[in-house]
Amino acid sequence: MPLFVYRNETSALMPQHHYLKVELEGEKGNRWAVGSKLTAYHGDKIWYLEQMPMRGFQSSVDPRPNFGLGNTSQLDSLVVEWYDGKKTVLTQIKTNQTVQIKHADAKEAAGKPTKVAIKTTLTPLAGNGGIDFRHQENLFVDFDRDRLIYHMLSSDGPKVAVGDINGDGLDDFYIGGAKDQAGRMYLQLSGARFKPVNEAVFEKDKLSEDTDALFFDADGDRDLDLYVCSGGNEFSTGSTGLLDRLYFNDGRGNFSRSPQYLPTGFESSSCVQAADHDNDGDLDLFVGVRLRPFLYGVPTNGYLLQNDGKGNFTDITATVAPGMREVGMVTDVLWMDFDGDKDPDLLLSGEWMPIKLFINTNGAYRESSAGLESTSGWWNCLKAADLDNDGDLDIVAGNHGLNSRFRASKEKPVTMYINDFDQNGSAEQIICMYNGDKSYPMVLRHELVSQMPGLKKKYLKYESYKDQTITDIFTPEQLKGALKHEVYEFRSVLLINDGKGAFSVQALPVEAQMAPMFGLLITDLDRDGLQDILMGGNFYRSKPEVGRYDASFGVFLKGEGNARFTPLSPAQSGVKIFGEVRDIVELKTGPNSRLVLVARNNDVPVVFAVGR
């Protein structure tokens, strides 16, 4: 079509309306003075703008801030707070003009404090202690196969397992690899230095994508063995890359893979934790499954694996915990004694599901609501600690967060329908969200007809597709056979245990809601006797329609007691983490010294010294 231009006729058509346009001239490297704040005053009226002209993908609006002032013909003052703290004040300004303001003419803000060195809680460790591992995500685009989902499922790692593998009193660790990349085990040396060990053992299993790992004594010989979950979304059912692995320790830190075929089989597992569930003196396992390849949204299994005391495991789920079959899309698990009867109960988190509690009674498990009925969300991680000092365990749960296109509530949930709607042998996932009082599919028309060509005649153009609901697109018969999931809680939260059989939900501060949270550490980082929370997240591999989630630089929540937490700024905490955080762990390096290791997807870990 031919080009055209719109002329702005506002001044001629509405001469009673006034404006003030501002040209800011910053320093070299920030010519447009991005980050500055402008406030205009007239009588009791205040107008406020921020110089943030970025819009869309690599795009910008006019970098000259523009105040629409209505019938105000003259401003009392205009205050520019520059990006570096300096200030410019103009008074008695006529409107309907463009004013030019230069940073070079600005003055230091009155009362600006003198810069002093602040002793931070965490300090980046020079040289990362010799940890040279870089997680390298393989090239795989989930959307080429699963066109209707919005977040990739093939970039869950790396997770980190911590333990003393050679009995020297120092923490060693294993960090998982991506598909076609071996995980790496690091042995701690003196001086908080680390070196890789057992590399040839893990190189043989580099086909698998490591999604979780756990050090525990599997065979009862008083040293730590290693269980590694194999998952991801790249493999088809039946691929050996989905087989979980168990490695036995010879007591001196040398590992060899167990030849046994673990009961989880060819499934995409996501998490593993150990406990003596039947009080027979050895450690049993719970292994959660994240997804079914090619069938995203279909509930998956949790597995209770009983140990014979020698590191051989048997699946007893159908007998003692049938409710864990098709329990959901499991992302994390905790063993905890919730009911105070001295045996471990199970708490599960997952996507498109509420947090679920299973109570252990003489080795058999039944689901208990425990006040968690309204927690259906996109949960990523769980950690337990006594946060209110009442003697029982509370929970910190990392969720999708609130800084997202997705919005949900109990009254207006985000919904997903899963079915083979066009009967071609592949499943479709239709995600719907409310706009006003109606819920509409989020899928764009061209994506929908690409996945289901049979709808192309029905929706030849976007005009015919607009305002269509799920019941307009599909027949009642098609929807009758569909799985339906609802979520209404996207906040990362505290679950406060009342000690009487229920949790209460308490939202974490807004700083913890700025991105999906995947890494969690609860410990006393500032040595004041109170538990602190360190969190990290972000997620880049999402569709352009929803944007990538990258607004978090890590969150330090200082414990104040009684389950109250205060967010600290990066200048106070020392925490400023770029990238996609997937795990946060603590490493003991001496009687009174610790490190914090932050594992990042497709990047090197970040290591902090505590209290230096």
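The values are calculated or read from the model by the stated rules, or taken from the named source; none is laboratory data. As the structure is a computational prediction, the values presented were derived from the model and not from experiment. Every residue, glycine as well, gets a Cβ built from its backbone with ideal geometry; the counts of neighbours run over all protein chains shown. Surface areas here come from the heavy atoms of the whole protein model, side chains and all, with no ligands, DNA or RNA. Shrake-Rupley method; radii C 1.70, N 1.55, O 1.52, S 1.80 Å.
Looking only at segment 564-591, which residues have a backbone nitrogen under 17 Å from a spot 7 Å from the Cα of Lys119 in the C-beta direction? Label zone hits: 571-575.
Give, rounded to the nearest 20 debye, the magnitude of the charge dipole that segment 116-271 has about its Cα centre when Lys and Arg contribute +1 at Cβ and Asp and Glu contribute -1 at Cβ. Present the calculation step by step, with values, prior to reporting the outcome.
Values: 15 positive and 26 negative charges, 94 e Å.
Rounded to the nearest 20 debye, it is 460 debye.
Among the listed options [x] 29.6; [y] 25.5; [z] 27.2, the one matching Kirkwood radius over Cα pairs in Å as calculated from these coordinates is [z]. Restricting segment 130-232 to trypsin sites (Lys or Arg not before Pro) that sit in a DSSP loop and have at most 10 other Cβ atoms within 10 Å of their own Cβ leaves Lys204, Arg222. Would you mind classifying segment 65-211 by shape? Square roots of the alpha carbon gyration tensor eigenvalues, ordered a ≥ b ≥ c; an a/c under 1.5 is rounded, otherwise it is prolate if a/b is larger than b/c and oblate if not. Oblate shape, in that a/c is at least 1.5 and b/c is the bigger or equal ratio.
Given a Förster radius of 51 Å and the C-beta distance between Asp132 and Val89 as r, what FRET efficiency does 1/(1 + (r/R0)^6) yield to the nearest 0.05? Walk me through the intermediate numbers first.
Values: r = 52 Å, r/R0 = 1.02.
Result of the calculation: an efficiency of 0.45.
Placing unit charges on C-beta atoms (Lys and Arg positive, Asp and Glu negative, everything else neutral), compute the dipole magnitude of the chain about its Cα centre in debye, rounded to 20.
Details: 65 positive and 85 negative charges, 685 e Å.
Taking the Cα centre of the chain as origin, the dipole is about 3280 debye.
The Stokes-Einstein estimate for segment 269-342, based on a Kirkwood radius over Cα pairs and taken at 20 °C with 1.002 mPa s viscosity, is a diffusion coefficient of 164 µm²/s. Spin-label pair Asn362-Val604: with each label point 7 Å from Cα along the Cα-Cβ axis, the two points sit 5.7 nm from one another. Calculate the FRET efficiency for Ser190 and Asn562 from the Cβ-Cβ distance with a Förster distance of 41 Å, rounded to the nearest 0.05. Step by step, r from the Cβ atoms, then E = 0.55. For the chain, the per residue solvent-accessible surface stands at 46 Å², with DNA, RNA and ligands left out and a 1.4 Å probe. In a reduced charge model with +1 at each Lys and Arg Cβ and -1 at each Asp and Glu Cβ, segment 469-608 shows a dipole moment near 200 debye about its Cα centre. Please work out whether segment 255-294 counts as rounded, prolate or oblate from its C-alpha gyration tensor, where a ≥ b ≥ c are the square roots of the eigenvalues and a/c under 1.5 means rounded, while otherwise a/b larger than b/c means prolate and anything else oblate? Since a/c reaches 1.5 but b/c is at least a/b, the shape of segment 255-294 is classed as oblate. Here the accessible area of the chain is 51 percent carbon and sulfur, with a 1.4 angstrom probe and all protein chains present.
What FRET efficiency would be calculated for the residue pair Lys438, Asn8, taking the C-beta separation as r and a Förster radius of 41 Å, to the nearest 0.05? Mind showing how you got there, number by number?
Details: r = 35 Å, r/R0 = 0.85.
For Lys438 and Asn8, the calculated efficiency is 0.70.
Note that segment 6-12 has calculated 3J(HN,Hα) couplings of 9, 9, 7, 9, 4, 4, 7 Hz, one per residue in order, obtained from phi through the Karplus relation 6.51 cos²θ - 1.76 cosθ + 1.60 (θ = phi - 60°); glycine and proline are x.
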